Every structure is written in C-alpha cells, then in structure tokens.
Amino acid sequence: MSPGIPDGEKIFAKTTTTATKSRKIAEIGQEIREDVSGYVNTRIDDMMSEIMRKIQMPLAKNGEFLYIMDKYSDKRKSNKKDALPDKEFLERNSLFTDLLKIPHFCAIYNLFIMTFVILLVNTIAFDIMETGTIRLGTNTLWIGFAKFPTCIYIWSFMLASTLSVYVPFILWAHQRLQLLPKSSIQKLWDYSWLSMFILYQILFIIFPIKAMLDANLSIGCNMIVIFEQIRMTMKSHAFVRSAAPRFLSYKPHTETLRPNCPKFSQYLYFLFAPTLVYRDEYPRTKRIRWKVVIQNFFEVGLAIFYLIFILERFILPVYHVFGTQYLEQKWFITNAIDSSIPGFLYFITGQYLLLHAWLNAWAEMLQFADRLFYKDWWNSTNYHKFYRTWNVVVHDWLYTYIYKDMYEIVVPRNRMLSVTAVFFVSAIFHEYILAFGFGFFYPMMFIFFAAVGFPMFFIKVNSVVMWFSWSFGNGLLFNLYAMEFYARHNCPPHPDYYLDLFIPRSWSCHPYLIMSSETIDLHEKNKNTATNGNAFTDVLYETIADGLQKRIQEIRQDVLKYVNHCINDMMSDVLQKIAVPLAKNGEFLYRTDRHRDKK
C-alpha cells in the first residue's frame, strides 16, 4: 500500500464532509427561500387586497376604511303593518364631505377652483378693457338683488305667519282630547280646523306673491321669496301631518298613553333645521365647529360669484341682442349647443351651493347631525335613481307626505298613480318657481319633465348618456329661458293682456331669424371658451381613472421595495453562511462567490 493512500482517505473524508455541509447549506438556503417566498406572497396578497378594497370602497380616513354599505340608507321598516318604510335620521356626513378627504377626489374640486380663477381673471381683464374699472360681477349682483330690504320685509311676515301655525294646532289638539270620541262635535271640530288650515295654505301662497309683484322685486329677490315660501309651506304641512295622527289615533279609556303636544322649541328648531320631515327629536352633534360654518358660508359666496361670472361671460353677451335685430336660424342652433357648458356648470355649482355648502353651514350651526342632503346622483343610470338622489331633502318630503299618503290612503297599493302624483307635484313646483321668479310663464321646464323626464324614469341607460342629458338639457333650458327673458324686454307685448301672460313672446318676436355681424362677433368671443369646456365630462372620468392608476402604481412600488429589502436581508444571511470555508487541503480556499459574474 502506497504511502499516499492515507492522505487520499483524508481528502475523501474531507470531501464527504464538505458535500454534507454543502447539502445542509443548500437546505438552509431552500428554507430561507421558502420563507422569503411565503412572506412575499403574503405581503403581495395583503397589498392586492388593500388595492381591491380601495377600488371598491372609496371612502377612507387615516388609512382606515369607514365605508359601510348601509351608511347612506335613509329608510327603515315601519312599525305599521303593510306600510312603506319611514324616513330614518342618523348621524352622518354629506357625501362630498367624506369624498373630499380622498386626495384624488380633491382633483375634481380643484378643477372647479381652477375654472373659477380663470373666470375671475377673464372678468377682471374684461372690466379693465371695457369699463376701465374692476367690478368683479358686483354690478350684476346689485341688479339681481335690488330692493333686498323689501325682500327681507316680506320674508319676515312669512316667517311670523308660519310660526303662528303652532298656536291653532295646539288649541285644536288640546281641545280635541276633551271631546267624546267619534262624536259629531269632534268631527265638526276636526273638519273646521282642517278647512282653516287649507285656507291658510292658499292665502300663504297668494299674499307673498302679490306683495312681491307689487314691489317689482328683482330676479334674485323673487327667488328668495319663492324658495322661502315653498319651504315654509312644506314645513307647516309636515308639522301638522306628522303631529296630528298621534291625537287622531288616541283612544281614551284604554292603555294607550295620552299624547304629548310638541313643544314650541321643537317646532322652532324644525323651521330652521335643514330637513322637511318633522320629528320631535333629531340626532345632534356635541358641539358647533365654527371653522366649518365659516368655510361653508365662504364657499356659498364663491359659488354665487362663480354663477355670476358664468352669466356675464356666456349668457349676457350672447342673448342680449335677441329682439333688437334680426337673427339667423343657425344662431339659435349654435347657441343651443354652446349653452350646454354654462348650463352644466350652473347645474353642478347650484347643487353644491344649495345642497352642500348652504345646508351644511346651517346644519353645523344647529348641530343637526344627519347631513344626507344628497346621494351619489352622478352615478345614476336612469332618472328614477336621479330623482331620488339629487335632492334628498325634497325627495324625503315628497316620499313621506305625497307618495306614502297616496300609496297607503288615497289609492292603496297603486304605485303608478302614486309615482305620477309625486311627479306632477314636483313639476308644478319647479314651474311655479321659474314662472314667478323670472316674471313670465314659459312652461319649458314642465314640458321637459313630462316629455323627457317621465318617459326616461323607467329607462336604464349608460351614465354617460345621463351626463349628456343633464348638460344638453340644462343648456337648452338656458337657451329658451334667456331668449324669452330678453324677448319680454325687447319685443312688443301681445294686445291682449291675459294672452300675453301665457303666450311666449320669443315665438312671435322674429318670424325670420337672421344673424348680424355684431352677434357673430359676440358669439365668436365665447366660442373658444365653450369649445374648451366640451371635454369636461371626459376630464372628470379621466381624472378619477388617472388618480386610481397612480395610487395602484404607488402601492405596487411599495410592495416591490419591501420585497427587495426582505430578499436582500435574507440573501445576505445566506451568503454569510455560504462564505464559511468549505474545505481546506492546504492548497486552496473555496468561496461561493469566486465564480460569480453578476451582482
């Protein structure tokens, strides 16, 4: 046996030991790799779950999702058998209040601020070049709200009249409890007071309108008087209709408790609370945040000037020539289309002004906790959903006091007649506001309700079609009412006074419409601005989509960064263990990274 054999055995033994260690290191590396893969998969699953939650549930606060599926549900099952659900008041924010906490949704809000700044700069430049002074829409504001003290005077009398409803109601309720149930005297008592209340409602409609017409108020003041008149009429009806049943259903000499009369403080609070459905108690907030009140009233002021700027830049320069010169037919067609932009902006801004900023300011001052004044009407795919979500305050009144009474009492279980009654009442109110607000009867709003809104009530369409109908429909109404407004100022009246009240002058003012060079110039000045606004709907959707994609990309980058960091840590641990000398035979020292050529 050669003397080198023992050395070979030693080398073989060392090699075997080295192979064993290599297998153990490989096993450790595999375990580490499995741990890394499992951890990475878990992290990616968590991240993707978070992404899906953010896509499906848009409301977030401090990284925690607060969206609850029934958060914006405002109906609860009635205690009465076979009765429709009742309005339910809960403590909740307005939808915009929650949505504006999302940075990506704020981009849409910033778009409107940007257009406001552009209109502001445009108005300043126009004032300087045309008049040499900066008016910033104040001239239009003074004209629109001329005789404002007289307006407040009329409003004060309406408020005093509405407050006085409480006294006869309490008198009726208290005395009725003293009368024999179902007696002739009790019936006479009930019907007498009911007749007096109906007469009061009729007189409350007539006298403020007569005072308004006699004072020849401006359009802005007309709108204030009419809106407040309708609001107070609905409030007094809601109070009587909600409080009276507790006395009508009371049966003496039974276990039923004697009903309590509503307190005057409760009625007074209801008159100013941002709701039209009466309850003795409402959910209340713990304190008044005056910063929120100031912010909302500031937004009200901005929105008013925003509407004035739109009026001065898009409407007045175009339509003031109607009735003073001949116009071509293409003038009507072109401006009917161009009016879609100001009509759309008025529609969005007016909704935000009245149903968000104004009502939230009063809700905060009165600590009124339920601020569901509107829902996600922008996602509507038919007018059935739009009418229920655009103005929840008015919808609640129509549902509670018109639809439910029709469905449960007048025409039991007949949904079609009940819906028709609600639709008819709503259309009448809208036409009433416009007729006395503008000072002429031009029932285009009523025709739009009957010819377009009612048929589309049952038709489901794409949301883009709904946005187009809002934009083009409001633009067409702008076009028609603006022409009739200037026709009433520039065109001769009809010889018959009563026919002149109901026949539109714009229909007979120009038998042949021919365009003049002056109007062409005025139209061209506004053409570029209107063209730029035609893509607003596309920008709205693209902004939301881009914001969502950016957020997903940010999350993806966070995942990759975290994964790379974990893998680097794990691989460093592996390399440290592999870097331990594997074999020593006195001639070489093997290291794992000797033949690596990539890093």
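Numbers below:
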quantity	calculated
The stretch 360-434 - percent of accessible surface contributed by carbon and sulfur, probe 1.4 Å	69
Carbon plus sulfur fraction of accessible area for the stretch 161-299, probe 1.4 Å, in percent	67
Label-point separation, Asp46 to Gln201 (7 Å along Cα→Cβ), nm	6.1
Virtual spin-label span in nm between Leu84 and Leu188, 7 Å along Cα→Cβ	3.7
Accessible area, probe 1.4 Å, largest first, for residues Phe116, Phe297	Phe297, Phe116
Estimated FRET transfer efficiency when R0 is 45 angstrom, pair Thr133-Leu100 (beta carbons, to 0.05)	0.80
Kirkwood-based Rg to Rh ratio, the stretch 137-272, C-alpha trace	1.12
Under the Karplus curve 6.51 cos²θ - 1.76 cosθ + 1.60, θ = phi - 60°, whole-Hz ³J(HN,Hα) for the stretch 305-320, x wherever Gly or Pro sits	5, 4, 5, 5, 4, 4, 4, 6, 8, 10, 9, 4, x, 8, 9, 5
Spin-label zone in the stretch 454-495 - amide nitrogen under 14 Å from a point set 7 Å from the Cα of Phe438 along the C-beta vector	474-490
Per residue, in Å², the accessible surface of the stretch 226-334 once ligands and nucleic acids are set aside, probe 1.4 Å	52
Modelled FRET efficiency - R0 56 Å, Phe227 with Gln30, Cβ distances, 0.05 increments	0.15
Gyration tensor over alpha-carbon atoms, the stretch 397-470, equivalent ellipsoid semi-axes in Å	24, 20, 9
For Leu119, net neighbour charge (Lys/Arg +1, Asp/Glu -1) across residues whose Cβ lies under 10 Å away	0
Projected-area average for the stretch 432-498 over all orientations - Cα convex hull basis, square nanometres	5.5
Burial order of peptide ranges 351-361, 491-501 (average beta-carbon count within 10 Å, highest first)	351-361, 491-501
Glu328 long-range amide H proximity, modeled H, under 5 Å	Ile514, Met515, Ser516
Environment charge at Asn260 (Cβ cut-off 9 Å; Lys +1, Arg +1, Asp -1, Glu -1)	+2
Ranked by how many other beta carbons lie within 10 Å on average, peptides 130-143, 258-271 from highest	258-271, 130-143
Gain upon complete extension [His174, Lys263; 0.36 nm per residue less C-alpha separation]	30.8 nm
Sequence of Arg413, Arg231, Arg287 from largest to smallest accessible area, 1.4 Å probe	Arg287, Arg413, Arg231
FRET E, pair Ala107, Lys286, Förster distance 30 Å, beta-carbon r, rounded to 0.05	0.40
Spin-label model distance (nm) - His494 vs Phe272, 7 Å beyond Cα toward Cβ	4.5
Computed Kirkwood radius, in angstrom, where 1/r is averaged over Cα pairs of the stretch 293-357	13.4
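The values are calculated or read from the model by the stated rules, or taken from the named source; none is laboratory data. Given the structure is predicted, the values throughout are model-derived calculations rather than measurements. Cβ sites come from the backbone with ideal geometry, for glycine too, and all protein chains shown count toward neighbours. In case anyone asks, the SASA skips ligands and DNA or RNA and just uses the protein heavy atoms, side chains included. Shrake-Rupley method; radii C 1.70, N 1.55, O 1.52, S 1.80 Å.
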